[in-house]
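The values are calculated or read from the model by the stated rules, or taken from the named source; none is laboratory data. Bear in mind that the values here come from a model prediction, so they are computed numbers and not experimental data. No Cβ is skipped: glycine too gets one built from the backbone with ideal geometry, and neighbour counts run over all protein chains shown.
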Amino acid sequence: MNPLLNPMNKSLITLAFILATACCSVASVQAQSTLTPVQQRITDEAIVADQKAYEQLEERLHALNEGGRPVRDYHMAKAQCWLDVSLHEYTRNDRSPFPQGALTESEKLIVGMEKKVTPLPTDTPLINGAVRLRPDLWARTQALQVHAGFACAAQKAACAEVELVHAGNEHNQQQWRHAKPYVQMAEDLIAQAESAASNCLPPAAVPLACPVAATPSCVVPAPTTAPAPEKLQLSAAVVFNFDRFTQPEMRPQSQASLKDLIRQTQGEKVKVQEILLTGHADRLNSTGKKDYNQELSRKRAETVRQLLVEAGLPAAIVSYEYLGDTRPVVKCDGKFKTTAELEECLLPNRRVEVQLIGVRAP
């Protein structure tokens, strides 16, 4: 028998063909827009050419929208936000590879949408070696992607991911002072996305209609099962002043974030099933005690736990762990004029991560 006619071999050949076709379709999504090399961005002609590259991608996004792709679409929004941060840094004379990297990510998504590639990627590359700041915010964007109301939150979530990369790139270049505004933008976008997702109700089911000439026997069947409860995951991050762990030493924005989280559990039909708290500390320790930061992170987690219980959440569902200074989100290795500046840079490490898991009644 010809080995190619063997059923097993034929299946393998078919599978190989499918994989090769898929590979080629992904490989065909190539970006071609190239900015003028940094050393040559010294003439009006070079700058005008780069401006034209940005305008051409804007025109392609406009064409996709005219073709029916909504602005709120996740990939449409992400392509626009990559393009925006690229242009923003280009106009600020960023001489690093970041503007080109962001431009390339935008065009990759544009080409994919133009070619109707399915599925398009949802990952967010840390271009130019951007540091991964605020793991809690990244976790919240991932939770949004599996949220039942993600369709209403997609635009904000996509741009929040891009701004987190933007912040990580700024931190690498000029430390926390330059990263902070973009972290704030990401925080605000994620909060707006979570609110939109929570308020995003699925469209009501439309019963099948009877024909115009229907007989009395034509009856629209009533639904036989109740909709399943919507899974819910909410997050917040609470940060403290240096070497402090009590409620008055929480940053005001953190107190507001925690109150908003509590409000969402009280103002809506939410059954909270579990709350997980993780306490952290920064690396500074002037006491000489080996476990001082471990103990400090425990006290911070206990403070947040007490506030949640006082707000009416069952103590039995609130658990916590404390990790001391073992999982920093910023390093702050640069030189600082004062100790106070270093302490402020390390603020994101003095945190309690809050994860709330539950269901919302239909």
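Could you say which residue among THR118, THR124, THR104 is without any contact (Cβ under 8 Å) to a residue 60 or more places away in the chain and farther than 23 Å from LYS180 by Cα?
On the way: THR124 fails: farther than 23 Å from LYS180 by Cα; THR104 fails: without any contact (Cβ under 8 Å) to a residue 60 or more places away in the chain.
Of THR118, THR124, THR104, the one residue that is without any contact (Cβ under 8 Å) to a residue 60 or more places away in the chain and farther than 23 Å from LYS180 by Cα is THR118.
Considering segment 309-362, and only residues there that are assigned to a helix (DSSP H, G or I) and polar (S, T, N, Q), the residue that is surrounded by the fewest Cβ atoms within 10 Å (Cβ to Cβ) turns out to be THR339. Annotation: ALA281 fulfils all but one of (1) of a type in the set (Gly, Ala, Ser); (2) farther than 29 Å from LEU144 by Cβ; (3) at pLDDT 90 or above; the unmet one is (2).
Given the residues ALA102, ALA49, which is the only one that is within 29 Å of PHE150 (Cα to Cα), assigned to a helix (DSSP H, G or I) and either of a type in the set (A, V, I, L, M, F, W, C) or modelled with pLDDT under 80 (or both)?
On the way: ALA49 fails: within 29 Å of PHE150 (Cα to Cα).
Going through ALA102, ALA49 in turn, just one is within 29 Å of PHE150 (Cα to Cα), assigned to a helix (DSSP H, G or I) and either of a type in the set (A, V, I, L, M, F, W, C) or modelled with pLDDT under 80 (or both): ALA102.
Checked against (1) modelled with pLDDT under 90; (2) part of a loop (DSSP other than H, G, I, E, B); (3) not β-branched (Val, Ile, Thr), SER96 passes all but a single condition, namely (1). Among the residues examined, ALA139 qualifies as surrounded by fewer than 19 Cβ atoms within 10 Å (Cβ to Cβ), in contact (Cβ under 8 Å) with a residue 40 or more places away in the chain and under 24 Å from VAL238 (Cβ atoms). Residues in segment 106-134 that are closer than 23 Å to ALA46 by Cα and crowded, with 22+ Cβ neighbours inside 10 Å: SER106, GLU107.
What number of residues in segment 123-149 are of a type outside the set (A, V, I, L, M, F, W, C), outside any helix (DSSP H, G or I) and within 26 Å of PRO328 (Cα to Cα)? I'd like the intermediate steps shown before the answer.
Here is the first cut: in segment 123-149, the residues of a type outside the set (A, V, I, L, M, F, W, C) are 123-125, 128-129, 132, 134-136, 140-142, 145, 147, 149.
Keeping just the survivors that are outside any helix (DSSP H, G or I) gives 123-125, 132, 134, 147, 149.
After this cut, where a residue has to be within 26 Å of PRO328 (Cα to Cα) as well, the list is 123-125, 132, 134.
Qualifying residue count, segment 123-149: 5.
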